[in-house]
Amino acid sequence: MSDRTAVEYHWIITLTGTLGPERTQVTVGDRGTVTHIPANTTRAQICDELVASIKDAVLARTGMLLEEPNIVCFQLEPNQL
């Protein structure tokens, strides 16, 4: 495999944070697949993209920002057997 070959990864992420004026503690997460070229993207960059995506989804669903997000679990593995 060339270092320019795109690879599909399976990911799982769980975040905790606060929501709303009462600063209610919440836990949110998601899972899926993403395709990246390993030579062009780091795990940290993928994680940052996923955190931003989860924050956007929480805002769209609740109308409130997820603040002070902390990563509880993050796994990223090539999606192959």
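The values are calculated or read from the model by the stated rules, or taken from the named source; none is laboratory data. Keep in mind that this is a model prediction, so the values were computed, not measured. All Cβ positions, glycine included, derive from the backbone under ideal geometry; neighbour counts span all protein chains shown. Surface accessibility is based on the protein's heavy atoms, side chains included, excluding ligands, DNA and RNA. Shrake-Rupley method; radii C 1.70, N 1.55, O 1.52, S 1.80 Å.
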Task: Meets criteria (under 25 Å from Val7 (Cβ atoms) and open to solvent by 90 Å² or more (accessible area, probe 1.4 Å)) for Gln45 - done: no
Task: Candidate set: the range 7-23, residues that are open to solvent by 20 Å² or more (accessible area, probe 1.4 Å) and in a strand (DSSP E or B); chosen: the one farthest from Lys55 (Cα to Cα) - done: Glu8
